[in-house]
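Asker: Before we start, here is the structure in question, set down as structure tokens.
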Amino acid sequence: QEQLMESGGDVVQPGGSLRLSCDASGGIIFGTRTVRWYRQAPGKQRDLVASIAPDFHGGQTDYLDSVKGRFTISRDITKNTVYLQMSSLKSEDTAVYYCAAGPPWYWGRGTQVTVSS
């Protein structure tokens with residue numbers, strides 16, 4: 001059964017850093033799919049934060065404007081894991097972060113990131 005699992009969420013102070021991980025199992029190969037990180041804050045819509053294209057599309061990355069220069073999405077093919085390195089975190093980055101891979105699209109259950117002093 002195809003599954004995605006996020007990890008790495010935590011409480012961090014403004015200006016701090018976190019690295020989120022998304023692990024795949026059940027036949028999902030990240031190198032052959034688009035992988036995206038989304039986030040959803042309480043009472044707000046789910047936003048696409050970062051994406052990375054499959055290898056055969058050059059692994060192109062894209063970012064939400066508000067995280068450009070602070071967040072980096074990357075992929076470790078040997079571990080079949082996608083990361084979201086987040087730095088210079090702000091309170092407005094507080095949300096549940098989800099990874100998704102597709103098509104067809106599969107979703108993880110999310111990991112909580114809280115940025116607070």
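The values are calculated or read from the model by the stated rules, or taken from the named source; none is laboratory data. These numbers were taken from a predicted model, which means no experiment stands behind them. Cβ atoms come from the backbone with ideal geometry, glycine included; neighbour counts cover every protein chain shown. Only protein heavy atoms, including side chains, enter the accessible area calculation; ligands, DNA and RNA are left aside. Shrake-Rupley method; radii C 1.70, N 1.55, O 1.52, S 1.80 Å.
Asker: So PHE56 ticks every box in (1) at pLDDT 95 or above; (2) over 20 Å from VAL12 (Cα atoms) but one. Which box is left unticked?
Answerer: Every listed condition holds for PHE56 apart from (1).
Asker: On the basis of being closer than 18 Å to SER25 by Cα and not charged (D, E, K, R), does TYR83 make the cut?
Answerer: Yes; evaluated as a whole, the condition is true for this residue.
Asker: Moving on to the next point. Restricting attention to the stretch 96-117, report how many residues are open to solvent by 80 Å² or more (accessible area, probe 1.4 Å), among the hydrophobic types (A, V, I, L, M, F, W, C) and at pLDDT 95 or above.
Answerer: 1
Asker: Follow-up question, since we're still on this one. Identify, please: which residue in the stretch 33-88 is among the β-branched types (Val, Ile, Thr), open to solvent by 40 Å² or more (accessible area, probe 1.4 Å) and assigned to a strand (DSSP E or B) and is, among those, farthest from ASP23 (Cα to Cα)?
Answerer: Taking the candidates together, the pick is THR61.
Asker: Sticking with this one: Restricting attention to the stretch 20-33, does a residue exist that is under 14 Å from ALA100 (Cβ atoms) and of a type in the set (Asp, Glu)?
Answerer: yes
Asker: Going through the stretch 1-32 one residue at a time, which ones are open to solvent by 30 Å² or more (accessible area, probe 1.4 Å), in contact with an Asp or Glu (Cβ under 8 Å, 6 or more places away or on another chain) and hydrophobic (A, V, I, L, M, F, W, C)?
Answerer: Matches in the stretch 1-32: MET5 only.
Asker: For the stretch 70-95, give me each residue that is modelled with pLDDT of 95 or more and over 15 Å from the mean Cα position of the chain (by Cα).
Answerer: Once the filter is applied, which keeps residues that are modelled with pLDDT of 95 or more and over 15 Å from the mean Cα position of the chain (by Cα), the stretch 70-95 yields SER88, LYS90, SER91, GLU92.
Asker: Are any residues in the stretch 24-82 under 20 Å from GLN1 (Cβ atoms) and of a type in the set (Val, Ile, Thr), and if so, which ones?
Answerer: Listed by number, the residues that qualify are ILE28, ILE29, THR32, VAL35, THR81, VAL82.
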